[in-house]
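Read the figures in this text as sums done on the coordinates, not as results from a lab. The model shown is predicted, which means the values in this text are computed figures rather than measured ones. Glycine also receives a Cβ, built like all others from the backbone with ideal geometry; neighbour counts cover every protein chain displayed.
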Ligand code: GGG
């Protein structure tokens, strides 16, 4: 038997509920797999609760603790007790940047029977947003009160960092992904008319790389136009590659177009596999519904499918997605999708269809 050693980091708010749901489903996938696999889970209770006791979101040696695992299964970060920028940088970004998970892959999958804001059913749509996950607007460069002029006159600077190497590796990842898909289309998104240094470099790298992928149809789009295009011309999109901030915003929009942010899965990958990659729902901690048992677990469950693929278990990932589709088709939908099902109802329905 192959046993995968998974680090489980539930984090804050609904994070614990959705990763518990995902873990139950993944254990059932393993039990019913033809591949003789299993999961060994080690839980790390890091997040805002840990912060209250220790003054930090995770231990100083937290990255060393994660490093030996085969993968990390993550919930969410964010709470009223810790400023959002402290919790995000102290946990999620510390792991992504510390473990070189430079490609954040966010598929947008349309499920059967799920109401969407699109004019069409969305049945034939399927996008992947590829988010640069190590630099750009999330480089963490800048400072506050630079003028020294005191209250009411404070000045803050936030600098984006674009390196040619960083642009090239995320674009090559996106090109390679696009060429595995039936439509072989890649759209690069920037705001390079206004961001005249880093994003112009991004555009130039994209133009240079296109010559290496003549089998991939490409175009470039400004991020504001892209927001409209998601809504008005969804069928024109396939794989989308964008900087850290732009891709974060667009993938939220994309999953809302598919029905709910609660559906969206993601993989934070170190494509060179020197460190464990991390799988998490795109949504945050949703404190307004935490503890009510109604959080949509589909984003976390589908992140489990991405983790299975990363571990080489493609058949089980496909079987898991079919079970998620069947549960949705049977009308087992949480309130964010207009249904009345609980988190546990969705888990039961997925297990029934495995
Ligand atoms: N599961 C993802 C999560 O917890 N996200 C919280 C968040 O605020 N993310 C913003 C970001 O990563 O840019």
For the range 219-261, the Cα convex hull volume per residue in Å³ comes to 70
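For every helix of n ≥ 4 consecutive DSSP H residues, a contribution of -39,500 (n - 2.57) applies; sum these over the chain, divide by its total residues, and give [θ] at 222 nm rounded to the nearest 500 deg cm²/dmol.
Numbers: 12 runs with 131 residues, N = 354.
About -11000 deg cm²/dmol.
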On full extension of the chain, what length is gained from residue 196 through residue 217, given 0.36 nm per residue of separation minus the C-alpha to C-alpha distance?
5.0 nm
Measure off 7 Å from each Cα along the Cα-to-Cβ vector at residue 207 and residue 344, then give the distance between these two points in nanometres to one decimal.
5.9
Taking a cut-off of 14 Å, what percent of all Cα-Cα pairs in the range 46-94 are separated by more than that?
48
For a quick check, take a GNM of the chain with Cα springs below 10 Å and name the residue from 144, 208, 322 with the largest mean-square fluctuation.
144
Here the averaged projected area of the range 256-354, based on the convex hull of its alpha-carbon atoms and given in nm², is 6.7
Cut-off 15 Å (backbone N to label point 7 Å along Cα→Cβ of residue 89), residues of the range 150-192
156-161
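Using the Cα gyration tensor of the range 2-75, with a ≥ b ≥ c the square roots of its eigenvalues, what is the shape: rounded (a/c below 1.5), prolate (a/b larger than b/c) or oblate (neither)?
Values: a/c = 4.48, a/b = 1.74, b/c = 2.56.
Cα axes put the range 2-75 in the oblate bin.
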Compute the Rg to Rh ratio over the chain from the alpha carbon atoms, using the Kirkwood formula for Rh, and round to two decimal places.
0.96
Given N residues in the range 82-203, what is its alpha carbon radius of gyration divided by 2.2 N^0.38 Å?
1.37
